[in-house]
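One structure is given below, encoded as structure tokens.
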Amino acid sequence: MELSAREIATYLNGEVEGNPDVTVSGFARIEQATQDTLCFLANPKYEEYLYKTGAGIAIVNKTFKLRQPVPYTVVWVDDAYRGIATLLDIYATLSAVQRSGREYPSRVSWRAKVGKKCYIGAFSYISRGAKIGNNVKIFPRVYIGRNVTVGDSCILYPGVTIYSGCHVGSGCILHAGAVVGSDGFGFAPDENKRYKKIPQIGNVVLEDDVEVGANTCIDRATMGSTIIRRGVKLDNLVHIAHNVEVGQNTVMAALTGIAGSSKIGEGCMFGGQSGVIGHLSIGNNVSLTARAGVSSNIKDGETHMGFPNMPISAYRRSYVVFKNLPDLQKKVSQLEQEIGSLKSKP
Amino acid sequence: MELSAREIATYLNGEVEGNPDVTVSGFARIEQATQDTLCFLANPKYEEYLYKTGAGIAIVNKTFKLRQPVPYTVVWVDDAYRGIATLLDIYATLSAVQRSGREYPSRVSWRAKVGKKCYIGAFSYISRGAKIGNNVKIFPRVYIGRNVTVGDSCILYPGVTIYSGCHVGSGCILHAGAVVGSDGFGFAPDENKRYKKIPQIGNVVLEDDVEVGANTCIDRATMGSTIIRRGVKLDNLVHIAHNVEVGQNTVMAALTGIAGSSKIGEGCMFGGQSGVIGHLSIGNNVSLTARAGVSSNIKDGETHMGFPNMPISAYRRSYVVFKNLPDLQKKVSQLEQEIGSLKSKP
Amino acid sequence: MELSAREIATYLNGEVEGNPDVTVSGFARIEQATQDTLCFLANPKYEEYLYKTGAGIAIVNKTFKLRQPVPYTVVWVDDAYRGIATLLDIYATLSAVQRSGREYPSRVSWRAKVGKKCYIGAFSYISRGAKIGNNVKIFPRVYIGRNVTVGDSCILYPGVTIYSGCHVGSGCILHAGAVVGSDGFGFAPDENKRYKKIPQIGNVVLEDDVEVGANTCIDRATMGSTIIRRGVKLDNLVHIAHNVEVGQNTVMAALTGIAGSSKIGEGCMFGGQSGVIGHLSIGNNVSLTARAGVSSNIKDGETHMGFPNMPISAYRRSYVVFKNLPDLQKKVSQLEQEIGSLKSKP
């Protein structure tokens, strides 16, 4: 794929400064870019590279001011980050491998339904009663259980497992090794303290446009459904327990865990290795820092940190003092002595 | 499956209040139940739903008192939670898919032994020297290494991998993507600070009735065995390192990690994202809160929190002060000033 | 395999005390060793077992002094830990199963190249354009995407997935369920707060001698490469985000997560469940304790703990005071009262 600065400006509704006929054939990070690649600057932290980069074209925010001339062509845009996303999208669409048809050996039950223009990779298994939409890409080594439904235009990467009875909406992407519908972790101790398994007869529902990271696990509900709403994005190695509900457009970074029956609102952002204990209610647009551990409900729009969780500013103020605790302790000892000598004053 | 209130009361040794001939055909959470479903109330937190639910039948603890009449049939029992578990069990048994026989293509070495009434799914691989008991369900895409033994009535879900030489007892359930017997993480630095792999020639032993969550990993011992005792339940994405021993009936929630050679007692309960460093000894009936990080031995029956771990009550008392550290610091500064002015008093 | 004390001493350049003709046929932990097994003592913590063990031969550091006679043969060496590693290596090499050839059904594109003496297990899939070196062992159920390269003498265990365009050096070991090249977690919100996927068109490069633990995930770069340098060892369930670079001979224990674009130096050691947020620079030979959460750059050679991270000694000093915060608070209250009474003194 070749793109000229003029074409890029057209796609992004931007303005060209420099030679509009320069072309590039790929993308690169600003610090690694070469003559036939395109780079971008959105984060001012990387400004210095603007004056060093070997790129052929750079996409830069209009609000930004160059402090010295640059030898390459600049395309000024409103939002360089979204601009590059758009171009990457165009590039990915043009260069995407068009897979379709069925490879052998694979196993598709004659009681399953598969839509049009699907790809079914070798060693994949589609159980009876499953319904697969149109334009679905099922890579090799995927397992789809009984009565599972998968909407249109989904991509299931190698090694995905979907247990029986679960539903996947349209436009979902499940990365390698993701597990949907494993049993919730439910046991009841008997009189000898042995745990008896509580059958998990519910399922998992992923609404449309959900992305599930590699080796992430979403457990089926004990009864009813574990629900992942439209547009949710889960990173790698995330754990979602039984009967959890995650609201629309919430994103969770890697190694996050949500315990049973908790309800997470819409538009939340959870940092890596964060966690929420069971039976809680987290509002909309809540942010958790990395490693936050939530043990109480959180209201809409708040940002929390620490474990047990605290509002971020309170946590930070306490942590500043924590860092100096030895000094504080020393000071208290001094005051104690001084008071002692004051008291012994005649 | 249809169940009447009368039948339910018989199964659970309970008492019917209302029409004993009402029938239900499924289970539901109390807040979502409809006329043909059954719900239960065990946690008083959800009491309000008792007066709103649309359920046909509710199972409620005898100790509970209704504050207003309800339009549905109540079955009063000693323990509603265990009652629902029993009913789910009956339901799950009746509705379980009876799989048996071997699907193709699958690969079973002629030097492996497979018991009676087993199911072997397509794309599964059973290596030479393996011995599989009776009534074992091996879903598609399972790998069983050389000389592995698997006891009776186990279920291995899609994508399970059992490395060579490991032993799985009877009645075990391994969820999708679980890995048993991967190499322990053992390396010795050479004179150039490069790490040389220490071969891991031990194995993993799972005793009977162990459940292993999705994508959980249990490493083989360097020498000897990593041992998971009878009745242990591991949630998803748990890591058990080489030479660890986990005592009977211990349960670990998701994303917990146990480092090498630590020995965990019986009847322990570890919260999600908790961890134990290597070479420690944790007693029986020890509880860890979520996110506890254990760096010292713990005696029988204690509950710990924080990292490094502290007894839960001590941790909580300290954390209360932590939350108010800025105030404490301010107070100390004030005292300092007051002492200063006291000292300068004539 | 049988080894005499004399042979062992020759391999390890050690000295025999006792009968040099005693032979052993296996290895055991010192507390479990029997007459026909070999044990070792490197960690003085386990000294008591030296006088109880039933081993036929023990390998012990020359610097160590026996406090009482022992009934078995001792081989004195400079470094018992490295000695046992060497012997395990010899043992593992001699007893390694020599697999080669291709099992069926498996799928190897006619446009892929596979070197000499490789093993390709059943149900494995090698896509077009892939290049596999010599002596590579590809266990059953492995997926290798388009244009992937795998160097000589690698081992890919069951269930490994390598996405298209990634490169794996020579001598690498990837454990079961490891994922290399899944999409980085990159999304840009649109005007309706819906997240639009940013295509991830980069790849992952593993240099030589890298070991990747079971179910560990390494995401492909947005642009350019996520790079894991020579000799890096990653434990199970580790997450490496897009555009991260991990320096030579760095080791990371289980459940560690590194967020996007962070650069980790050489020779680092990261404890279990530790984490690094995005866009940071961590120096060479940095150590993180278990559960450390890094939110700021770290210089060469430092050891950090806590979240946000602090130098370990500072963290520990603060934590000592944290443990006694209720006492400190009480003392401050007492001082307050005493000052009050001092002030009210005439």
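The values are calculated or read from the model by the stated rules, or taken from the named source; none is laboratory data. Predicted model only: the values in this text are computed from it and were never measured. In this analysis, Cβ positions are derived from the backbone assuming ideal geometry, glycine residues included, and neighbour counts consider all displayed protein chains. Quick note on the areas: whole protein, heavy atoms, side chains included, nothing else; ligands and nucleic acids left out. Shrake-Rupley method; radii C 1.70, N 1.55, O 1.52, S 1.80 Å.
The table for this structure:
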{"item": "Scan of region A:279-303 for residues that are within 26 Å of C:THR256 (Cβ to Cβ), more than 9 Å from every other protein chain (Cβ to nearest Cβ), assigned to a loop (DSSP other than H, G, I, E, B) and not β-branched (Val, Ile, Thr), ordered by number", "result": "A:ALA292"}
{"item": "Number of positions in region C:83-128 that are modelled with pLDDT of 85 or more, in contact with a Leu (Cβ under 9 Å, 6 or more places away or on another chain) and farther than 18 Å from C:VAL150 by Cα", "result": "4"}
{"item": "Candidate set from region B:248-270 (those that are among the hydroxyl-bearing types (Ser, Thr, Tyr) and away from chain A (no Cβ under 11 Å)); member that is least open to solvent (accessible area, probe 1.4 Å)", "result": "B:SER262"}
{"item": "Subset tally (residues that are within 9 Å of another protein chain (Cβ to nearest Cβ) and open to solvent by 10 Å² or more (accessible area, probe 1.4 Å)) for region B:112-140", "result": "2"}
{"item": "Matching entry among A:ILE8, A:ILE84, A:ILE59 (being farther than 30 Å from B:TYR104 by Cα, of a type in the set (A, V, I, L, M), touching a helix residue (DSSP H, G or I) at 6+ places or on another chain (Cβ under 6 Å) and surrounded by 14 or more Cβ atoms within 10 Å (Cβ to Cβ))", "result": "A:ILE59"}
{"item": "Members of region A:304-315 that are part of a helix (DSSP H, G or I) and within 19 Å of B:MET305 (Cα to Cα)", "result": "A:TYR315"}
{"item": "Lone qualifier among C:GLY213, C:GLY177, C:GLY169 - being within 14 Å of the chain's Cα centre (by Cα) and either closer than 30 Å to B:ASP190 by Cα or among the aromatic types (Phe, Trp, Tyr) (or both)", "result": "C:GLY213"}
{"item": "Extreme residue, most open to solvent (accessible area, probe 1.4 Å), among residues of region A:306-315 that are out of contact with any Gly (no Cβ under 9 Å at 6 or more places or on another chain) and either within 13 Å of chain C (Cβ to nearest Cβ) or not small (Gly, Ala, Ser) (or both)", "result": "A:PRO311"}
{"item": "Every residue from region A:21-37 that is at pLDDT 90 or above and out of contact with any Gly (no Cβ under 7 Å at 6 or more places or on another chain)", "result": "A:ASP21, A:THR23"}
{"item": "Count of region C:57-89 residues which are under 15 Å from C:TYR46 (Cα atoms) and part of a strand (DSSP E or B)", "result": "4"}
{"item": "Residues of region B:201-215 that turn out to be open to solvent by less than 20 Å² (accessible area, probe 1.4 Å), at the interface with another protein chain (Cβ under 8 Å from one of its Cβ atoms) and part of a loop (DSSP other than H, G, I, E, B), as a count", "result": "3"}
{"item": "Residue list for region B:148-157, restricted to those being more than 14 Å from chain C (Cβ to nearest Cβ) and either part of a loop (DSSP other than H, G, I, E, B) or open to solvent by 10 Å² or more (accessible area, probe 1.4 Å) (or both)", "result": "B:THR149, B:GLY151, B:ASP152, B:SER153, B:CYS154, B:ILE155"}
{"item": "Enumeration of residues in region C:216-253 that are assigned to a loop (DSSP other than H, G, I, E, B), in contact with an Asp or Glu (Cβ under 6 Å, 6 or more places away or on another chain) and hydrophobic (A, V, I, L, M, F, W, C)", "result": "C:ALA241, C:ALA253"}
{"item": "Number of the condition not met by A:SER344 [criteria: (1) at the interface with another protein chain (Cβ under 9 Å from one of its Cβ atoms); (2) out of contact with any strand residue (DSSP E or B) (no Cβ under 7 Å at 6 or more places or on another chain)]", "result": "(1)"}
{"item": "Selection count, region A:6-30, where residues are more than 9 Å from every other protein chain (Cβ to nearest Cβ) and within 31 Å of the chain's Cα centre (by Cα)", "result": "10"}
{"item": "Test set (1) in contact (Cβ under 8 Å) with a residue 12 or more places away in the chain; (2) open to solvent by 30 Å² or more (accessible area, probe 1.4 Å); (3) not in a strand (DSSP E or B) - A:ASN192 fails condition number", "result": "(1)"}
{"item": "Failed item, numbered, when A:LYS233 is tested on (1) open to solvent by 10 Å² or more (accessible area, probe 1.4 Å); (2) under 23 Å from C:CYS217 (Cα atoms); (3) at the interface with chain B (Cβ under 8 Å from one of its Cβ atoms)", "result": "(3)"}
{"item": "Residue in region C:90-102 that is outside any loop (DSSP other than H, G, I, E, B), at the interface with chain B (Cβ under 9 Å from one of its Cβ atoms) and either in contact with a strand residue (DSSP E or B) (Cβ under 8 Å, 6 or more places away or on another chain) or buried (at least 18 other Cβ atoms within 10 Å of the Cβ) (or both) present", "result": "yes"}
{"item": "Any hit, region B:224-233, residues being in contact (Cβ under 8 Å) with a residue 60 or more places away in the chain and either closer than 25 Å to A:TYR195 by Cβ or not assigned by TED's automatic domain parsing to the domain that holds B:ASN147 (or both)", "result": "yes"}
{"item": "Top-ranked residue of region C:320-346 - restricted to ones that are closer than 25 Å to A:ALA290 by Cα and either assigned by TED's automatic domain parsing to the domain that holds C:GLY267 or open to solvent by 70 Å² or more (accessible area, probe 1.4 Å) (or both), ranked as nearest to the chain's Cα centre (by Cα)", "result": "C:VAL320"}
{"item": "Residue within region B:25-45 that is of a type in the set (Ser, Thr, Tyr) and either open to solvent by less than 40 Å² (accessible area, probe 1.4 Å) or in contact with an Asp or Glu (Cβ under 9 Å, 6 or more places away or on another chain) (or both) present", "result": "yes"}
{"item": "Hey, C:GLY265 in the same structural domain as C:CYS217 (by TED's automatic domain parsing) and more than 30 Å from C:GLY177 (Cβ to Cβ) or not", "result": "no"}
{"item": "Single residue of region A:170-186 satisfying the filter (within 14 Å of chain C (Cβ to nearest Cβ) and open to solvent by less than 10 Å² (accessible area, probe 1.4 Å)) that is nearest to A:THR226 (Cα to Cα)", "result": "A:SER182"}
{"item": "Which listed residue is in contact with a strand residue (DSSP E or B) (Cβ under 9 Å, 6 or more places away or on another chain) and either over 30 Å from B:LEU12 (Cα atoms) or free of Cβ contacts under 8 Å to residues at least 60 places away in the same chain (or both), from B:VAL77, B:VAL70", "result": "B:VAL70"}
{"item": "Verdict on B:ASN284 being without any contact (Cβ under 8 Å) to a residue 40 or more places away in the chain and more than 19 Å from the chain's Cα centre (by Cα)", "result": "no"}
{"item": "Boolean, A:GLY145 is at pLDDT 95 or above, assigned by TED's automatic domain parsing to the domain that holds A:SER262 and open to solvent by 10 Å² or more (accessible area, probe 1.4 Å)", "result": "no"}
